[in-house]
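Asks: Pasting a structure here, questions to come.
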Amino acid sequence: EDQVTQSPEALRLQEGESSSLNCSYTVSGLRGLFWYRQDPGKGPEFLFTLYSAGEEKEKERLKATLTKKESFLHITAPKPEDSATYLCAVQDYSGGYQKVTFGIGTKLQVIP
Amino acid sequence: DAGVIQSPRHEVTEMGQEVTLRCKPISGHNSLFWYRQTMMRGLELLIYFNNNVPIDDSGMPEDRFSAKMPNASFSTLKIQPSEPRDSAVYFCASSLATISTGGNEQFFGPGTRLTVL
């Protein structure tokens with residue numbers, strides 16, 4: 001069974017203080033690893049898909065990286081509007097190919 | 001596009017009552033997912049459909065839960081009878097599934113916050 005563990009559970013940063021969120025995963029065969037952002041009272045919003053180890057993707061102040069066992073979401077010089085819960089999810093090749101397993105998430109708070 | 005549409009946004013009901021949640025996926029998407037989110041367990045997949053056919057319902061907690069997708073633009077999740085432990089936020093998501101080596105990102109609706117008293 002696929003497993004996704006995210007750390008830390010919560011992170012508080014000062015505006016401009018860069019940091020990284022971790023997503024450790026266990027899958028039989030990785031089809032894709034996803035990062036989502038979720039604001040309070042809203043549904044998750046898609047950010048990135050990573051497919052293979054060594055791959056990186058960037059969007060504004062966010063950069064996602066992938067190894068064979070974990071993914072990192074790097075946040076450079078964060079702003080208060082980056083405050084949200086960040087969810088990591090994996091999709092594998094076994095069983096139903098559309099099934100995705102989510103982690104609990106990291107709640108990020110950026111203080112002005 | 002309006003995105004995934006869910007209704008109602010909030011539902012408060014009493015134990016034992018029937019609850020029906022509704023979802024309209026993004027036009028052109030061929031896969032639809034129902035999730036439940038709680039603080040303790042995060043996002044849990046309940047069931048997903050591909051081309052209106054249920055593919056995996058192993059996440060449906062028990063027989064009190066049922067889901068249907070009568071056509072490509074509408075799905076329902078029904079709980080009968082409802083219990084207090086069913087209180088959670090229920091999300092519907094859709095995606096365009098392709099036979100490819102890559103993963104398929106999902107697009108989520110705003111959710112329905114269900115409270116069972």
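The values are calculated or read from the model by the stated rules, or taken from the named source; none is laboratory data. Predicted model, so just to flag it, every value in this text is computed and none were measured. All Cβ positions, glycine included, derive from the backbone under ideal geometry; neighbour counts span all protein chains shown. Ligands, DNA and RNA are stripped out before the accessible areas are found, and what is left, the full protein with its side chains, is counted by its heavy atoms. Shrake-Rupley method; radii C 1.70, N 1.55, O 1.52, S 1.80 Å.
Asks: Just to be sure I understand: with springs between alpha-carbon atoms less than 10 Å apart, which residue in B:Q37, B:Q17, B:Q106 has the highest mean-square fluctuation in the Gaussian network model of chain B?
Replies: B:Q17
Asks: Residues of the stretch B:33-94: accessible area per residue at 1.4 Å, in Å²?
Replies: 46
Asks: With only Lys, Arg, Asp and Glu charged, each at its Cβ (+1 for the first two, -1 for the last two), find how big the charge dipole of the protein assembly as shown is about the Cα centre; round to the nearest 20 debye. Please list the in-between numbers first.
Replies: Values: 23 positive and 27 negative charges, 40 e Å.
For this selection, approximately 200 debye.
Asks: I need to check one value: relative contact order of the stretch B:3-46, counting alpha carbon pairs closer than 8 Å and at least 6 residues apart, in percent.
Replies: Relative CO of the stretch B:3-46 lands at 31 percent.
Asks: If amide H atoms are built 1.01 Å from N in the plane of the peptide, which residues on other chains or at least 5 residues away come under 5 Å of the amide H of A:D2?
Replies: For A:D2, no residues qualify.
Asks: Stokes-Einstein D for the stretch B:1-87 at 37 °C, 0.692 mPa s, Kirkwood Rh over Cα pairs, in µm²/s?
Replies: D, rounded to a whole number, is 241 µm²/s.
Asks: How are the alpha carbon pair distances in chain A distributed across 5 Å bins from zero to the largest one, expressed in percent?
Replies: Values per bin, smallest distances first: 2, 13, 24, 25, 19, 10, 5, 2, 0, 0.
Asks: Kindly write out, for the stretch A:55-65 in residue order, the coupling ³J(HN,Hα) from the Karplus curve 6.51 cos²θ - 1.76 cosθ + 1.60 (θ = phi - 60°), rounded to whole Hz, with x marking Gly and Pro.
Replies: 6, 9, 9, 10, 8, 6, 8, 10, 9, 10, 10
Asks: Quick check: pseudo-label points 7 Å beyond the Cα along Cα→Cβ at A:Q109 and A:Q14, how many nm apart are they?
Replies: Between A:Q109 and A:Q14, the label points sit 1.7 nm apart.
Asks: Can I ask one more? Under 10 Å, Cα contacts only: if you run a Gaussian network model on chain B, which one of B:G16, B:G59, B:G42 comes out with the highest mean-square fluctuation?
Replies: Checking each option, the largest mean-square fluctuation is seen for B:G42.
Asks: Continuing with the same structure: So, with a 1.4 angstrom probe, what is the percent of accessible area on chain A that is carbon and sulfur?
Replies: It is 48 percent, rounded to a whole number.
Asks: Determine ³J(HN,Hα), in whole Hz, for all residues of the stretch B:16-27 in sequence, where each value follows from phi through the Karplus function 6.51 cos²θ - 1.76 cosθ + 1.60 and θ = phi - 60°; x replaces Gly and Pro.
Replies: Per residue, the Karplus-derived 3J(HN,Hα) values read x, 7, 7, 10, 10, 9, 10, 8, 10, x, 5, 4 Hz.
Asks: Let me ask something additional. Given springs between every Cα pair under 10 Å in a Gaussian network model of chain A, which of A:E70, A:E56, A:E45 has the largest fluctuation?
Replies: The residue with the greatest mean-square fluctuation here is A:E45.
Asks: Can you report the principal axis dimensions of the protein assembly as shown using only the alpha carbons, biggest first, rounded to whole angstrom?
Replies: Cα extents, longest axis first: 49, 41, 34 Å.
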